[in-house]
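J.: I am attaching a structure below and will ask some questions about it afterwards.
The values are calculated or read from the model by the stated rules, or taken from the named source; none is laboratory data. Since this is a predicted model, take the numbers as computed values, not measurements. Don't worry about glycine lacking a Cβ; one is built from the backbone with ideal geometry, like all the others, and counts go over all protein chains shown.
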Amino acid sequence: MEIYLILLKVLSNLIYGIFTLMISIRVFDALTKEINEIDEIKRKNISVGIVLSGIIISMSIMISDVLKDSYIPDTIEEFILTTLFDIFRYLFSIIVGISIIFISYNMFRILNAKRFNTILELKNGNIAVALLLTVYFIALMLIITPALKTLFNVIISYNLKVIIP
């Protein structure tokens, strides 16, 4: 196992992490069109910071768990092959992660629609609502991630058997 291949793997995971952070912020923008998170954070609205943090943590849980079993290659050819599989796993995880965030957000809003307006409460700095919403994000991600990881392991194992008999 060559050290440069391990360093390349570390670099690729760093890139996945940076993209995950950028995507998480975009997801927050899409969920809360009525909230300008930069203005709210400048106003020291802790609730908005909590929810944004929850989205980042949730997406990171999904990505890190799916990429955790990534194979450390012995050759550059294996590195290229595993990187292609990792990119597929990453992109699919991002799509699933965004879907879970949207589902959990809408589920939270629907379940609490008669009690309060989620967006209004976040704008007003309601930390309790922010914490509950964040827990919805993280809990659903923790529940879904193992099944997704199993699915990937089956797909990758099958594809490796086909490609490398």
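J.: Please indicate, with yes or no, whether at least one residue in the range 31-41 is of a type outside the set (Lys, Arg), within 15 Å of the chain's Cα centre (by Cα), assigned to a helix (DSSP H, G or I) and modelled with pLDDT under 90. Even if it seems obvious, please write down each step before you answer.
T.: Start the filter on the range 31-41 by keeping residues that are of a type outside the set (Lys, Arg), which leaves 31-32, 34-41.
So of that shortlist, the ones also within 15 Å of the chain's Cα centre (by Cα) come out as 31.
Filter once more, keeping what is assigned to a helix (DSSP H, G or I): 31.
Narrowing the set further to residues that are modelled with pLDDT under 90 leaves 31.
Checked against the condition, which is being of a type outside the set (Lys, Arg), within 15 Å of the chain's Cα centre (by Cα), assigned to a helix (DSSP H, G or I) and modelled with pLDDT under 90, the range 31-41 yields at least one hit.
J.: Testing residue 118 on (1) surrounded by 18 or more Cβ atoms within 10 Å (Cβ to Cβ); (2) touching a residue at least 40 places away in the same chain (Cβ under 8 Å); (3) over 12 Å from the mean Cα position of the chain (by Cα), one condition comes back false. Which one is that?
T.: (2)
J.: How do the pairs read when you match residues in the range 12-37 that are in contact (Cβ under 8 Å) with a residue 12 or more places away in the chain and over 15 Å from residue 56 (Cα atoms) with residues anywhere that are surrounded by 13 or more Cβ atoms within 10 Å (Cβ to Cβ) and of a type in the set (Asp, Glu), using Cβ under 8 Å and keeping only pairs 6 or more apart or on different chains?
T.: 12/86
J.: Given the options 69, 65, 74, name the one that is modelled with pLDDT under 85 and farther than 16 Å from residue 6 by Cα.
T.: When all the criteria are applied, what remains is 65.
J.: Do we have residue 63 as farther than 25 Å from residue 150 by Cα and among the hydrophobic types (A, V, I, L, M, F, W, C) here?
T.: Values: farther than 25 Å from residue 150 by Cα: no; among the hydrophobic types (A, V, I, L, M, F, W, C): yes.
Criteria not met by residue 63.
J.: Follow-up question, since we're still on this one. Condition check: in contact (Cβ under 8 Å) with a residue 12 or more places away in the chain and not in a helix (DSSP H, G or I). Does residue 79 satisfy that?
T.: On the way: in contact (Cβ under 8 Å) with a residue 12 or more places away in the chain: yes; not in a helix (DSSP H, G or I): no.
No, not satisfied.
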